[in-house]
1. Going by the conditions given, is A:Val14 more than 9 Å from every other protein chain (Cβ to nearest Cβ), touching a Gly at 6+ places or on another chain (Cβ under 8 Å) and surrounded by fewer than 22 Cβ atoms within 10 Å (Cβ to Cβ)?
2. Collect the residues in segment B:21-35 that are away from chain A (no Cβ under 11 Å) and either aromatic (Phe, Trp, Tyr) or open to solvent by 50 Å² or more (accessible area, probe 1.4 Å) (or both), keeping them in residue-number order.
3. List the number of the failed condition for B:Leu84; all other conditions in (1) free of Cβ contacts under 8 Å to residues at least 24 places away in the same chain; (2) within 13 Å of the chain's Cα centre (by Cα) hold.
4. Out of A:Val49, A:Val71, A:Val14, which single residue is in contact with a Ser or Thr (Cβ under 6 Å, 6 or more places away or on another chain) and either within 24 Å of A:Gly144 (Cα to Cα) or in the same structural domain as A:Phe100 (by TED's automatic domain parsing) (or both)?
5. Within segment A:89-108, can one find any residue that is aliphatic (A, V, I, L, M), assigned by TED's automatic domain parsing to the domain that holds A:Arg156, surrounded by fewer than 20 Cβ atoms within 10 Å (Cβ to Cβ) and over 25 Å from B:Gly91 (Cα atoms)?
6. Select, from B:Ala79, B:Ala73, B:Ala90, B:Ala9, the only residue that is buried (at least 18 other Cβ atoms within 10 Å of the Cβ), within 13 Å of chain A (Cβ to nearest Cβ) and more than 30 Å from A:Glu118 (Cα to Cα).
7. Tell me, please, whether a residue that is more than 9 Å from chain B (Cβ to nearest Cβ) and surrounded by 19 or more Cβ atoms within 10 Å (Cβ to Cβ) can be found in segment A:120-130.
8. Pairs, please: C-beta under 8 Å, at least 6 apart or cross-chain, first residue farther than 27 Å from A:Arg148 by Cβ and in segment A:104-131, second assigned to a loop (DSSP other than H, G, I, E, B) and within 16 Å of ligand 1 (Cβ to nearest atom)?
Amino acid sequence: MKTTLTVNGEAHEVTHDPRRSLLDTLRDDLRLTGTKKGCDHGQCGACTVLLNGERVNSCLCLTAMHDGDEVTTIEGIGSPERLSALQKAFVEKDGYQCGFCTPGQIMSATAMLREISEGAPSYVSDDLEVPKLTDTEMAERMSGNLCRCSAYPLIREAIAMASEVSQ
Amino acid sequence: MRPFDYSRADSAKDVAGAQIIAGGTNLLDLMKIQVMTPEKLVDITRLSELTGISAEGDRLRIGALVTNSALAADARVRAGWPLLSRAILAGASVQIRNKATTGGNLLQRTRCPYFYDTSQVCNKRNPGEGCAAQGGTGRMLALYGTSEHCLAAHPSDMATAMAALQAEVEVMRASGDTVRIPLRDFYRGPGDRPDIETVLEDGDLITAVILPAPRAGARQVYRKVRDRASYAFALVSVAASVEMEGDTITRAQLAYGSIAPHPWKNHEVAEMLQGQTASDALFHRAAEALTREEAPHPDTEYKRPLLRRTLIAALRQATGLGDTAGTDTVRTPA
Ligand SMILES: Cc1cc2nc3c(=O)[nH]c(=O)nc-3n(C[C@H](O)[C@H](O)[C@H](O)COP(=O)(O)OP(=O)(O)OC[C@H]3O[C@@H](n4cnc5c(N)ncnc54)[C@H](O)[C@@H]3O)c2cc1C
Ligand code: SF4
Ligand code: FES
Ligand code: FES
């Protein structure tokens, strides 16, 4: 079957088996290998991309269901010459060790900063109406991204740094 | 994953004879490991009549395709049914909640490890085959409402809050008729057919969930205990909405998660609280009444004291006897 996706601003038509996941389409058909496959079951967040602007696990998306949708991957938010504020902050703060989870962390954090600015609540918000970007909030909101190297404190520092830059 | 035919539904009529897929976060996971092997998959995500949240008088109608994220963040829900926001936000991760839908969440399958392991016998996968959890390990299994054929628990946080809030599920039957089923009648106990979890039949489509009018002034709490601080299924959870006049509890709506094959209710406990002065002694009596029965599996015996403590803590929180962080008061629009 055929599906049209806009990935990082560029339209692609892919021919695929109905079983194809969005993750496999990105990595194997479009050769965008920045998005990683950790668990393939929604448990680790390494495959996080933005789907129509919202963060999702691409391993749990069927490509067939996303005809006409817009996808942003790590390749779409910056380049080695022009890093996004979060990418820069991860480099500066050493927000990784092996780096395998990093694209997912950065995609997730990109969406998280926007969600907070829009007032989206979390389970740990004292008040469901006015969430703040505290360390506890960051840990909760980023809990869908595991890091086997346990770089969590530095990941949160990098996100805090990028959020200050963008304010 | 086994091969399947994929089609996109253009109308509610198109779902008969096929496995519905919405967010896919549970179904695809199970298809990948061949616990579920549908031959036909029907994608309902383009059915615009299943989207959106709308007021129905004082009540709220939540379309079956509304995502968990959108529902938890909805301004009306945060004000009028904050328990539901909290419970949803206590589940899964943002990535999953962005895809997970209201209908799909109600129908998510159990997390019994043997259900996931196709090399083991499981009556929920293959009725009549046996239950590997009995004689096996099972600290995620249920405490109450089980049968000799299946001890599995329903893990939904959202459904537990909806049970406390006395929600109804709106279903469109294959005949085209629409019915509204109270959530307490929506799920079935396992009996000798643990594979059949609800009253739904082939061709039925969940179209919405309806919340009754908000209880102005009620104090609401969703307390979830799990193995890690976030992104883990509940071992036990308590959803509470408590109304008071002075120190007296005038109404307590309670439901318990991850301890039964469906969100669990106990009327005796709710009645014990009604009209009484909030006190630790009262809460201890309620907790004892809730956990009188023994666990059906030795590995879940620990859930009894855990559930007692969780109920007491939730009630202390809701009544102001304890720390009130994470407690929300229902506001109705001025
Ligand atoms: C890693 C991970 C962690 C999780 N943690 C939690 C947690 O802590 N708490 C929690 O509560 N949940 C948790 N979940 C489960 C998650 O909430 C569910 O996967 C999700 O809500 C299912 O919704 P969906 O739309 O993706 O359903 P789908 O996967 O699309 O469908 C699920 C089932 O519902 C049926 N269905 C869907 N929509 C309809 C409809 N409108 N009418 C009739 N049938 C329908 C499908 O046929 C299928 O059988 C977790 C999931 C994952 C993967
Ligand atoms: S408890 Fe239920 S789901 Fe688990 S193995 Fe037994 S029959 Fe299957
Ligand atoms: S690869 Fe998708 S969540 Fe792990
Ligand atoms: S840096 Fe190695 S997994 Fe996160």
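1. Working: more than 9 Å from every other protein chain (Cβ to nearest Cβ): yes; touching a Gly at 6+ places or on another chain (Cβ under 8 Å): no; surrounded by fewer than 22 Cβ atoms within 10 Å (Cβ to Cβ): yes.
Judged against the criteria, A:Val14 is not a match.
2. Our first condition is that a residue be away from chain A (no Cβ under 11 Å); within segment B:21-35, this holds for B:34-35.
B:Gln34, the sole residue that qualifies.
3. Condition (1) is where B:Leu84 drops out.
4. Numbers: A:Val71 fails: in contact with a Ser or Thr (Cβ under 6 Å, 6 or more places away or on another chain); A:Val14 fails: either within 24 Å of A:Gly144 (Cα to Cα) or in the same structural domain as A:Phe100 (by TED's automatic domain parsing) (or both).
Unique residue meeting the criteria: A:Val49.
5. Our first condition is that a residue be aliphatic (A, V, I, L, M); within segment A:89-108, this holds for A:89, A:91, A:106-107.
If we keep only those that are assigned by TED's automatic domain parsing to the domain that holds A:Arg156 as well, we get A:89, A:91, A:106-107.
Checking which are surrounded by fewer than 20 Cβ atoms within 10 Å (Cβ to Cβ) leaves us with A:91.
Narrowing the set further to residues that are over 25 Å from B:Gly91 (Cα atoms) leaves A:91.
Yes, segment A:89-108 contains at least one residue that is aliphatic (A, V, I, L, M), assigned by TED's automatic domain parsing to the domain that holds A:Arg156, surrounded by fewer than 20 Cβ atoms within 10 Å (Cβ to Cβ) and over 25 Å from B:Gly91 (Cα atoms).
6. Values: B:Ala79 fails: more than 30 Å from A:Glu118 (Cα to Cα); B:Ala73 fails: more than 30 Å from A:Glu118 (Cα to Cα); B:Ala90 fails: more than 30 Å from A:Glu118 (Cα to Cα).
On inspection, the qualifying residue turns out to be B:Ala9.
7. First pass over segment A:120-130, keeping only residues more than 9 Å from chain B (Cβ to nearest Cβ): A:130.
After this cut, where a residue has to be surrounded by 19 or more Cβ atoms within 10 Å (Cβ to Cβ) as well, the list is none.
Within segment A:120-130, none of the residues are more than 9 Å from chain B (Cβ to nearest Cβ) and surrounded by 19 or more Cβ atoms within 10 Å (Cβ to Cβ).
8. Close Cβ pairs (under 8 Å, with a partner that is assigned to a loop (DSSP other than H, G, I, E, B) and within 16 Å of ligand 1 (Cβ to nearest atom)) amount to A:Pro131/A:Ser122.
The values are calculated or read from the model by the stated rules, or taken from the named source; none is laboratory data. None of the values given here were measured: they were computed from a predicted structure. Virtual Cβ from ideal backbone geometry, glycine too; neighbours counted across all protein chains shown. Note: accessible area is taken over every heavy atom of the protein model, side chains too, but ligands, DNA and RNA are not part of it. Shrake-Rupley method; radii C 1.70, N 1.55, O 1.52, S 1.80 Å.
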